[in-house]
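Notes to accompany the following structure.
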Amino acid sequence: GASQKPYLVLAAAVGLAAWSGLALLAAPGAAAASLPPLTAMALLTALLLLSNLSTALSDVVVDAMVAEAAAREAASSGGQSAAGTEGENALQSLCWGALAVGGLCGSGLGFAASAVPACAIFGLSAACPALVLAASHALSEPPHSEPRGTAGGSLAALGAAGA
């Protein structure tokens, strides 16, 4: 597997930029009011698209990291049953539980935020990718072996075994 940390950093940076841009555009007296309607609509659409793409990318990257961690645990415990290992099940439960708690918090905050200006909501939304960006620096990934077909990979090992 390839290193996922750079993709997580990229997704968080794009999300931070997109949500911050939306917050700036929604601010009272922002320059967005002076833009032609079609230009403003295109800019808002692009920023919303980028924010959603960053969320999707970070979700895929985190899923890959969970699957890789489960595979490492299975390998270290001597294999895996058909139903999966306890560690894999625990990681999946943790991910789904965190998603449920986040959904509940978002629902409650969404109701409470009806009195808050849009620029503040977008600014708070920018805090999420900012936290992911900060947390990604604490991640350490195990070294990966070289992919198959490279000089240091499996073909070289096969050549050495045959010689």
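The values are calculated or read from the model by the stated rules, or taken from the named source; none is laboratory data. Every value quoted in this text rests on a predicted model; they were computed, and no experiment measured them. Here the Cβ positions follow ideal geometry from the backbone for every residue, glycine too, while neighbour counts run over all protein chains shown. We work out accessible area using only protein heavy atoms, side chains counted, and drop any ligands, DNA or RNA first. Shrake-Rupley method; radii C 1.70, N 1.55, O 1.52, S 1.80 Å.
Can you sort SER140, SER93, SER51 by 1.4 Å-probe accessible area, starting with the largest?
SER140, SER93, SER51
If I take R0 = 22 Å and measure r between the Cβ atoms of LEU94 and HIS137 in this structure, what FRET efficiency does the formula 1/(1 + (r/R0)^6) give, to the nearest 0.05?
Once rounded, the FRET efficiency stands at 0.55.
Through the Karplus equation 6.51 cos²θ - 1.76 cosθ + 1.60, θ set to phi - 60°, convert the phi angles of the stretch 36-44 into ³J(HN,Hα) values in whole Hz; use x for Gly and Pro.
x, x, 5, 5, 4, 5, 5, 5, 4
Around VAL61, under 13 Å between beta carbons, what's the net of Lys plus Arg minus Asp minus Glu among the other residues?
Summing Lys/Arg as +1 and Asp/Glu as -1 gives -3.
Order MET41, MET65, most accessible first, counting only protein heavy atoms with a 1.4 angstrom probe.
MET41, MET65
So, R0 is 30 Å and r is the distance between the beta-carbons of ALA115 and ASP63; what FRET efficiency does that work out to, to 0.05?
Computed FRET efficiency for ALA115 and ASP63: 0.25.
With every protein chain left in place and a probe of 1.4 Å, what is the accessible surface of CYS128, to the nearest 10 Å²?
80 Å²
Kindly write out, for the stretch 109-122 in residue order, the coupling ³J(HN,Hα) from the Karplus curve 6.51 cos²θ - 1.76 cosθ + 1.60 (θ = phi - 60°), rounded to whole Hz, with x marking Gly and Pro.
Residue by residue, the stretch 109-122 yields 5, x, 5, 6, 7, 5, 9, 9, x, 4, 5, 5, 5, 5 Hz.
Which whole-number value in Å² is the accessible area per residue of the stretch 8-135, probe 1.4 Å?
Here the residues of the stretch 8-135 average 62 Å² of exposed surface.
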